[in-house]
Amino acid sequence: EAQVTQNPRYLITVTGKKLTVTCSQNMNHEYMSWYRQDPGLGLRQIYYSMNVEVTDKGDVPEGYKVSRKEKRNFPLILESPSPNQTSLYFCASSFHRATEAFFGQGTRLTVV
Amino acid sequence: SQQGEEDPQALSIQEGENATMNCSYKTSINNLQWYRQNSGRGLVHLILIRSNEREKHSGRLRVTLDTSKKSSSLLITASRAADTASYFCATEPPSGSARQLTFGSGTQLTVLP
């Protein structure tokens with residue numbers, strides 16, 4: 001089954017404790033992105049990747065890192081999480097940049 | 001930055017009625033897409049309409065695109081309680097950018113049984 005898998009689904013952490021949210025897709029897609037969703041703000045792009053070892057900043061990259069060492073995986077790293085990073089995070093992948101995007105189920109992160 | 005803006009922000013209708021949501025965007029596009037999101041879940045692709053198309057149908061969905069007005073509408077006919085969700089339009093970024101889609105803030109649709 002074609003899917004994008006994120007883990008964990010829920011995470012509560014403390015300020016400053018490094019964490020990684022994993023994302024994996026099984027569709028051999030070139031493009032992958034991370035979004036955060038906050039009430040009233042819609043989805044905002046954090047980082048995106050056009051292919052292995054090619055990543056770039058989206059609209060709200062501060063406080064986040066990503067890597068794309070393999071085509072299927074695109075982890076999101078928060079080196080020192082802060083409460084303003086409390087949000088619902090989505091990973092998405094697509095074959096080309098503007099074709100149908102497939103989304104993971106989301107990771108609800110709370111930073112206290 | 002947000003490219004698409006949906007209108008209205010919230011819509012409540014009775015089961016069986018039609019629901020219309022609108023999306024306005026700012027820059028030229030090659031295609032526009034609509035997605036649905038059930039509460040707290042991932043977005044699901046509904047339909048894609050290209051800039052050279054004016055109307056497209058998929059089941060109970062009808063999408064129109066007016067590139068001269070930079071706007072699109074999503075019509076859901078004969079709505080069902082299961083259609084209750086948030087609906088987002090998404091546009092591709094300006095040419096020259098490698099980014100993926102840019103989403104609006106969504107329309108929350110509630111279909112009352």
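Here are the numbers:
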| quantity | calculated |
| --- | --- |
| 5 Å binning of all Cα-Cα separations within chain B, expressed as whole percents from 0 upward | 2, 13, 24, 25, 20, 10, 5, 1, 0, 0 |
| Ranking of A:Tyr10, A:Tyr48, A:Tyr64, A:Tyr89 by count of other Cβ atoms within 10 Å, fewest first | A:Tyr10, A:Tyr64, A:Tyr89, A:Tyr48 |
| HN-Hα J in Hz across the range B:11-25 - Karplus 6.51, -1.76, 1.60, θ = phi - 60°, x for Gly and Pro | 9, 10, 9, 8, 3, x, 7, 8, 10, 10, 10, 10, 9, 10, 9 |
| Residue mean of other protein chain beta carbons inside 10 Å, A:98-107 | 6 |
| Residue exposure sequence - B:Ile13, A:Ile77, A:Ile12 - by fewest surrounding Cβ within 10 Å | A:Ile12, A:Ile77, B:Ile13 |
| Within 10 Å of each Cβ in A:47-58, the average number of Cβ atoms from other chains | 2 |
| Spatial extent of the range B:53-113: Rg and Dmax, with the Cα atoms as the point set, Å | 13.9, 46 |
| Radius of gyration and maximum dimension Dmax of the protein assembly as shown, Cα, Å | 17.4, 50 |
| The range B:1-53, dipole about Cα centre (Lys/Arg Cβ +1, Asp/Glu Cβ -1), debye to the nearest 20 | 260 |
| Footprinting exposure proxy for A:His29, B:His57 (fewest neighbouring C-beta atoms within 10 Å first) | B:His57, A:His29 |
| Average silhouette area of the range A:46-112, convex hull of alpha-carbon atoms, in square nanometres | 4.7 |
| At 0.692 mPa s and 37 °C, Stokes diffusion of chain A via Kirkwood alpha-carbon radius, µm² per second | 238 |
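We did not get these values from a lab; they are worked out from the coordinates using the rules stated. These figures come from a predicted structure and were not determined experimentally. All Cβ positions, even for glycine, are placed from backbone atoms using ideal geometry, and neighbour counts span all protein chains on display.
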